[in-house]
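The values are calculated or read from the model by the stated rules, or taken from the named source; none is laboratory data. Remember, predicted model here, so these are calculated numbers, not experimental data. Methodologically, a virtual Cβ is constructed for each residue, glycine included, from the backbone with ideal geometry; neighbour enumeration extends over all protein chains shown.
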Amino acid sequence: MENHFKYSDDNKRYHTLDYYYKHKYNSKVCKISLNAGFSCPNLDGTVGFGGCIYCSKSGSGEFAGNIKDSIIKQFSDVKKIYDKKWPDAKYIAYFQARTNTYAPVERLKEVYETALSIDNVIGINIATRSDSITDECLEYLEELNKRTNLTIELGLQTIKEETTKLINRCHTLDNFEQTVKKLRERNIDVVVHIINGLPYETKEDMINTVKYLNTLDIQGIKIHMLSILKDTPLEKLYKKEKFHILTKEEYVDIVISQLEYLNEKIVINRITGDPKIDDLIEPKWLTKKFCVLNDIDKEMVKRDTYQGIKM
């Protein structure tokens, strides 16, 4: 078996985002996380209350910009740092915090068009929920996709129904699947988020989630490790029930097994979590991100395996 995977320029054995960007844009591409101040229908009672049990107060936007600042200021503050290392880079504006299609279309246009007006912004990534894209929003996204490189990021987390109820996800698998189809009918790229280590899930459960994604027309995946963060319902559940937290070794093993079953054309946008250290209760090993990445690489070489080998 060749050591070099065809969708990687740096000896990774999976389809890296860096490879995808370089070959699509012929340039270094940096993604800048932004906070546009959107809410979430799982917080305000539209579909549920309290939000997903693992979600922090920032709505997964720990590394997004300061909500008090304008989109342009948030963007420029980060760009100044990137410019020192990659002066010729191109940029993607990433609307990360909370549900970024959960607003009237006029508000969405105001925010997205502002980001697109910034020099060297070649695309937009929008993190949202599958139950929060209206028909009017879809029409605008379809038009937007003809003018820029648009990617919609949808949180799935798991296909196991019992877990979905436990984490208070508040939308169905069918809703998720129909939204993916609607987006792909309009040629809009889709990246799906999943979480490993959710309470009481088995390795088989986590692999089944990836096998399911192979049946859909998606372009990318983000694999996260469950982070137990301070002041979340998940923290209370963990203190009460002490459910098993994956060790680093277990996580590495599960991720590699998932990659083996995952279509090689699906781009790995993320392969481990990146929590804010001050808020993290467990697992502590998540704070050493590069150790996790290196362990995945070394173990894939040891097993002589790569993404899609079991397809």
Could you tell me which residue of segment 62-84 is modelled with the highest pLDDT, considering only residues that are surrounded by 14 or more Cβ atoms within 10 Å (Cβ to Cβ), in contact with a helix residue (DSSP H, G or I) (Cβ under 9 Å, 6 or more places away or on another chain) and among the small types (G, A, S)?
-> G65
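In the list D88, D77, which residue meets the criterion of being over 30 Å from K236 (Cβ atoms), of a type outside the set (A, V, I, L, M, F, W, C), out of contact with any strand residue (DSSP E or B) (no Cβ under 8 Å at 6 or more places or on another chain) and touching a residue at least 40 places away in the same chain (Cβ under 8 Å)?
Numbers: D77 fails: touching a residue at least 40 places away in the same chain (Cβ under 8 Å).
The match here is D88.
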Name every residue in segment 177-190 that is within 15 Å of L141 (Cα to Cα) and out of contact with any Ser or Thr (no Cβ under 6 Å at 6 or more places or on another chain), in order of residue number.
-> V180, K181, K182, L183, R184, E185, R186, N187, I188, V190
Residues that are among the acidic types (D, E) and closer than 21 Å to C52 by Cβ: which strands (runs of 3 or more DSSP E) entirely in segment 201-311 hold 1 or more of them?
-> 280-282
Any chance segment 185-199 includes a residue that's at negative phi, part of a helix (DSSP H, G or I) and not small (G, A, S)?
-> yes
In this structure, is D174 acidic (D, E) and within 15 Å of the chain's Cα centre (by Cα)?
-> no
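Assess whether F75 counts as being hydrophobic (A, V, I, L, M, F, W, C) and farther than 28 Å from L116 by Cβ.
The answer is no for F75.
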Got at least one residue in segment 85-104 being modelled with pLDDT of 95 or more, small (G, A, S) and part of a strand (DSSP E or B)?
-> yes
Considering segment 278-311 alone, what residues qualify as being under 21 Å from L17 (Cα atoms), of a type in the set (V, I, T) and within 19 Å of the chain's Cα centre (by Cα)?
-> V292, I296
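Taking the conditions exactly as written (surrounded by fewer than 17 Cβ atoms within 10 Å (Cβ to Cβ), farther than 26 Å from D44 by Cα and not β-branched (V, I, T)), does E143 satisfy them or not?
Working: surrounded by fewer than 17 Cβ atoms within 10 Å (Cβ to Cβ): yes; farther than 26 Å from D44 by Cα: yes; not β-branched (V, I, T): yes.
In short, yes.
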Got at least one residue in segment 121-128 being in contact with a His (Cβ under 6 Å, 6 or more places away or on another chain), modelled with pLDDT of 95 or more and among the small types (G, A, S)?
-> no
Considering only residues that are modelled with pLDDT of 95 or more and touching a Lys or Arg at 6+ places or on another chain (Cβ under 7 Å), look in segment 273-294 and name the one that is farthest from S227 (Cα to Cα).
-> V292
Can you tell me which residue among Y25, Y19, Y7, Y14 is crowded, with 22+ Cβ neighbours inside 10 Å, of a type in the set (S, T, Y) and at pLDDT 90 or above?
-> Y14
All-but-one check, N294 against (1) touching a helix residue (DSSP H, G or I) at 6+ places or on another chain (Cβ under 9 Å); (2) farther than 25 Å from Q96 by Cβ, failing number (1)
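Right, I118: among the hydrophobic types (A, V, I, L, M, F, W, C), under 28 Å from I223 (Cβ atoms) and touching a residue at least 40 places away in the same chain (Cβ under 8 Å) or not? Steps first, answer last, please.
Values: among the hydrophobic types (A, V, I, L, M, F, W, C): yes; under 28 Å from I223 (Cβ atoms): no; touching a residue at least 40 places away in the same chain (Cβ under 8 Å): yes.
Judged against the criteria, I118 is not a match.
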Kindly provide the set of residues from segment 140-151 that are touching a residue at least 24 places away in the same chain (Cβ under 8 Å) and in a helix (DSSP H, G or I), ordered by number.
-> Y140, L141, E142, L144, N145
